[in-house]
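Worksheet: one structure, shown below.
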Amino acid sequence: VTGTSGQRSSKALIERFVGARSDPEKVVLEGFHALKHALRFGADIEQACVADLDKLGTLARSLAPDLEARMRAITQPVSSSAFNALAPVPPATGVIAIARRPQVDLRRVLEGSGLAPVVLLEAPANLNNLGAVVRVAAAAGATAVLATGTHDPWHPSAVRAAAGLQFAIPVARVGQAPPTEGPMVAVDPEGEPLCPGAIPDQALLAFGAERHGLSRELLAAADRRLAIPMRPGVSSLNLASAVAVALYAWRFGQT
Ligand SMILES: C[S@@+](CC[C@H](N)C(=O)[O-])C[C@H]1O[C@@H](n2cnc3c(N)ncnc32)[C@H](O)[C@@H]1O
């Protein structure tokens, strides 16, 4: 590869990643963990680039031996200068990829939801919280994570914070709380104390924004309000921590 054709292909690669960031059908996976979970949960990877193939091999052998061969087969080594231009903050694990977003048919997801709760976030303000919610919801076996407001749960920063677990659970932005089979439970510091077994099956669990909490409209629409008990003087939990407590309260209540 001559210097000029190498520069041309780096430029094309950078443009591809820039284009993927604003393409609603694609998602940029920043880092090893995002790519690992995306592959485990069936993502369609369009392009994967690695700055150091040996480092990728070492990471894969220790953290995801099930995927080592696959990762080696799909990743394209690129120069470190090209790699560093593919993300605003280049992932320290030295790997970045573009995948296709799975389509979420919300009606089907909610109709066939089974007993596990659906998490509804009302206008979350912080993409790291949004990602952390997706991560714990996937781990706890929730049905879906829905978010109102302006933030996209598929934003690369949210995907990074979720370690790519958007591929493990239906995740979507919605205009408003969707109609569901089960009750709507507002998880709110002013509710009745959450005790074991208090979260019903098929619940839509609504959580408020980091600063303002749940809106009056959502609180009024809820069938009940539950509070996570806290020591006096503590005003609230972090949003993702509150989601974790509520989901595991449901999960531990299952026989
Ligand atoms: C950081 S809190 C918002 C704090 C806000 N000032 C309020 O009073 O609701 C973000 C969301 O996490 C949930 N949350 C946090 N701590 C909670 C608690 N102790 N009990 C129930 N929900 C809680 C609620 O859904 C809340 O809207």
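Throughout, read-outs are computed from the coordinates displayed, never taken from laboratory work. Source: prediction; values computed, not measured. Ideal geometry is used to build each Cβ from the backbone, glycine not excepted, and the neighbour counts take in all protein chains shown.
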- Note on the structure: Any residue on another chain or 5+ positions along whose placed amide H is under 5 Å from the amide H of Leu214 is listed here as Gly208, Ala209
- Item | Karplus 3J(HN,Hα) series, Hz, for segment 127-132 with 6.51 cos²θ - 1.76 cosθ + 1.60 (x for Gly, Pro) | 5, 5, 5, 4, x, 5
- Note on the structure: Out of Gln103, Ala38, Val171 - ranked by how far each Cα lies towards the positive end of the dipole of segment 29-181, with unit charges on the beta-carbon of charged residues - the top one is Ala38
- Collect residues whose amide H, placed 1.01 Å from N in the peptide plane, falls under 5 Å from the amide H of Gly191; neighbours closer than 5 in sequence don't count. Ala227
- Message: Taking every DSSP beta bridge with both residues inside the chain, roughly what % is antiparallel (nearest 5)?
- Response: 35 percent
- Amide H within-cut-off set for Ala116, under 5 Å, with H built and near neighbours excluded: Gln202
- Task: Describe numerically, in nm with one decimal, the distance between label points set 7 Å from Cα along Cα→Cβ at Asp201 and at Ala87.
- Result: 4.1 nm
- Residue separation between Met230 and Glu46 times 0.36 nm, minus their alpha-carbon distance, gives in nm 61.6 nm
- Extension gain Gln176-Ser62, at 0.36 nm per residue separation less the Cα-Cα distance, in nm? 36.8 nm
- Task: Note down the magnitude of the dipole of the chain about its Cα centre, charges +1 on Lys and Arg C-beta and -1 on Asp and Glu C-beta and zero elsewhere, to the nearest 20 debye.
- Result: 600 debye
- In whole percent, what relative contact order does segment 68-213 give with Cα contacts below 8 Å and a gap of six or more residues? 26 percent
- Roughly how many whole Å is it from the C-alpha centroid of segment 217-255 to that of segment 108-169? 16 Å
- In nm, to one decimal, how far is the modelled label at Arg72 from the one at Leu115, with both set 7 Å along Cα→Cβ? 4.4 nm
- Query: How much length is gained if the chain between Arg8 and Thr150 is pulled fully straight, taking 0.36 nm per residue apart and subtracting their Cα-Cα distance, in nm to one decimal?
  - Reply: 47.5 nm
- Residue by residue through segment 86-98, the couplings from Karplus 6.51 cos²θ - 1.76 cosθ + 1.60 with θ = phi - 60°, in Hz, x for Gly and Pro, are 8, 8, x, 10, x, x, 5, 7, x, 9, 8, 8, 10
- Simple spin-label model, 7 Å along Cα-to-Cβ: Phe252 to Glu192 in nm? 2.0 nm
